[in-house]
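What follows is a set of notes on a single structure, which appears directly below.
The values are calculated or read from the model by the stated rules, or taken from the named source; none is laboratory data. Because the structure is predicted, anything quoted here is derived from the model rather than measured. With ideal geometry, Cβ positions are generated from the backbone for all residues, glycine too; neighbour counts draw on all protein chains shown. These area figures cover heavy atoms from the full protein model, side chains too; ligands, DNA and RNA do not enter into them. Shrake-Rupley method; radii C 1.70, N 1.55, O 1.52, S 1.80 Å.
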Amino acid sequence: MGEGNASGRVEPTHEDVHAGEYGVRGRCLPEPWMCDVFYLDGSLRDIRILDVTLVEWIAVCERLRAVADETEVEHPYPLLDPVRPDLADLFRTWADEPEGEGTSFAFRARFGAVWFFALPCDDEEIEFSLWPEDVLDGAGVAAVLRFLREVATAGRRRALLTGEVVRYDPGMATLISHDPETGLTSHI
């Protein structure tokens, strides 16, 4: 059963959560910090790289196309290949759209059982999202860590996994990060 905290409220233990008590879907994440990062709260988790250009966006998507188990692209541009457009042409076409037109495209990459998706709307910040409920076990966590490393390496900048927000705020908690210069991955 749970453990009492300072206020006397009983909190579920890591083992209780894994057993599926308290309405949480039974899944077994190997470490308590993983349960904190991928807590099923109904919101997405975002992986982002800040202060980028279209060059980094293209490099990241090309790298993901090369290493992911599967990728998909959806776009509204009739002059581009509908299934596998050249990524440089896709980003150039998107960047040339008149401001406020509202057109964009979707890029998705699957690592293991976890899908990561981007709807580029900002050429200065790379952002991919994932659903925490797709991270079912240690293999799912490993897929997220691999994705984070691939994105950071291709973008040549630190990649951050945060809670879901529209715009990144430097004061918000970073749940996991990977720095390609040092090769270090850290978590809460």
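If the condition is being at pLDDT below 95 and of a type in the set (Lys, Arg), then segment 85-144 contributes only Arg92. For segment 74-132, the tally of residues that are in contact (Cβ under 8 Å) with a residue 24 or more places away in the chain, within 19 Å of Arg167 (Cβ to Cβ) and either open to solvent by 80 Å² or more (accessible area, probe 1.4 Å) or of a type in the set (D, E, K, R) (or both) stands at 4. With respect to Thr182, is the statement that it is open to solvent by 30 Å² or more (accessible area, probe 1.4 Å), more than 15 Å from Ala118 (Cβ to Cβ), among the hydroxyl-bearing types (Ser, Thr, Tyr) and under 15 Å from the mean Cα position of the chain (by Cα) true? When the stated conditions are applied, Thr182 does not pass them. Scan segment 50-69 and give yes if some residue there is more than 22 Å from Asp179 (Cα to Cα) and either open to solvent by 70 Å² or more (accessible area, probe 1.4 Å) or at pLDDT 95 or above (or both), otherwise no. Looking for residues that are more than 22 Å from Asp179 (Cα to Cα) and either open to solvent by 70 Å² or more (accessible area, probe 1.4 Å) or at pLDDT 95 or above (or both), one finds at least one in segment 50-69, hence yes.
Taking residues in segment 48-67 that are in contact (Cβ under 8 Å) with a residue 60 or more places away in the chain, and partners anywhere that are charged (D, E, K, R) and in a strand (DSSP E or B), the pairs with Cβ atoms closer than 9 Å and at least 6 places apart or on different chains are Arg48/Glu125; Arg48/Glu127; Ile49/Glu125; Ile49/Glu127; Leu50/Glu125; Asp51/Glu125; Val52/Glu125.
Listed by position, the helices (runs of 4 or more DSSP H) inside segment 29-111 whose residues that are of a type outside the set (A, V, I, L, M) and under 21 Å from Glu127 (Cβ atoms) number at least 3 are 54-67, 87-96. If I filter segment 147-156 for residues that are open to solvent by 40 Å² or more (accessible area, probe 1.4 Å) and over 28 Å from Asp41 (Cα atoms), do I get at least one hit? Yes: one or more hits. Test Val144 against the criterion of being open to solvent by less than 20 Å² (accessible area, probe 1.4 Å) and touching a helix residue (DSSP H, G or I) at 6+ places or on another chain (Cβ under 7 Å), and give yes or no. Judged against the criteria, Val144 is not a match. Within segment 133-153, being under 17 Å from Thr53 (Cα atoms) and without any contact (Cβ under 8 Å) to a residue 40 or more places away in the chain holds for no residue.
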